[in-house]
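Structure, as structure tokens:
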Amino acid sequence: PMTLDDQQLAAVAGRAARERPNDPEMLRLLGAARFQAGDPVGAASAFRRVLALQPEDAQSWARLGESLVRANQGQIGGDAEAAFAEALKRDPDQLGARYFLGEAAARRGDAARARQMWTPLIAVLDARDPRRLDLEQRLPSAASGRGAP
């Protein structure tokens, strides 16, 4: 597997998932491989299949949301936002879901919601981490709807 490129790895994972269609771990691997290979629609499909088998899997909800965002060229649509909310409902420590929910709020100009989502995320990032600095700088501008890069 270490010598395969992203598309080849996705193809191998797809074959394995066809052989084991009810194996959530295999479907998670398929989703991750398709995401890495630049197939966010295929990734979303795989994560939806995981969630049909294990609806309480917070990580798969978050990965579904990320796949939908990538499929939508970076826009956080309603389906993605709902997936992130499901992830956070099941695991408040889903930092990726917090990031995207805060981003969606910032883009709407909802500074209070952005702050609610991003404050726990900021707290766990090292003070020198550029992601932390970016979030801290963007919070004040969220109120004006300029939170999006």
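Of the candidates 20, 108, 48, which one comes out as most mobile in a Gaussian network treatment of the chain with C-alpha springs shorter than 10 Å?
20
Magnitude of the Cβ-charge dipole of the stretch 1-59, K/R +1 and D/E -1, about the Cα centre, nearest 20 debye?
Approximately 180 debye in magnitude.
Work out how much length residue 79 to residue 25 would gain on full extension: take 0.36 nm times their residue separation and subtract the Cα-Cα distance, in nm to one decimal.
So the chain would gain 17.1 nm between residue 79 and residue 25.
Report, in debye and to the nearest 20, how large the dipole of the chain comes out about its Cα centre when Lys and Arg carry +1 and Asp and Glu carry -1 on their Cβ.
300 debye
With every protein chain left in place, what is the accessible area per residue of the chain in square angstrom, probe 1.4 Å?
Per residue, the chain has 54 Å² of solvent-accessible surface.
Counting only protein heavy atoms and a 1.4 Å probe, tell me what percentage of the chain's accessible area is made up of carbon and sulfur.
Taking all protein chains in place, the chain shows 53 percent carbon and sulfur surface.
Under 10 Å, Cα contacts only: if you run a Gaussian network model on the chain, which one of 54, 73, 116 comes out with the highest mean-square fluctuation?
Highest fluctuation of the listed residues: 73.
Multiply the residue separation of residue 89 and residue 8 by 0.36 nm, subtract the distance between their alpha-carbon atoms, and state the gained length in nm to one decimal.
In short, 25.7 nm is gained.
Please tell me the relative contact order of the chain in percent, rounded to the nearest whole number, where contacts are Cα pairs under 8 Å and at least six residues apart.
14 percent
Could you give the length gained by full extension between residue 124 and residue 54, i.e. 0.36 nm per residue of separation minus their alpha carbon distance, to one decimal place?
Roughly 22.4 nm would be gained on extension.
The values are calculated or read from the model by the stated rules, or taken from the named source; none is laboratory data. For clarity, every value in this text was computed on a predicted model and none was experimentally measured. Positions of Cβ are backbone-derived with ideal geometry, glycine not excepted, and every protein chain shown enters the neighbour counts. Accessible surface areas use protein heavy atoms only, side chains included; no ligands, DNA or RNA. Shrake-Rupley method; radii C 1.70, N 1.55, O 1.52, S 1.80 Å.
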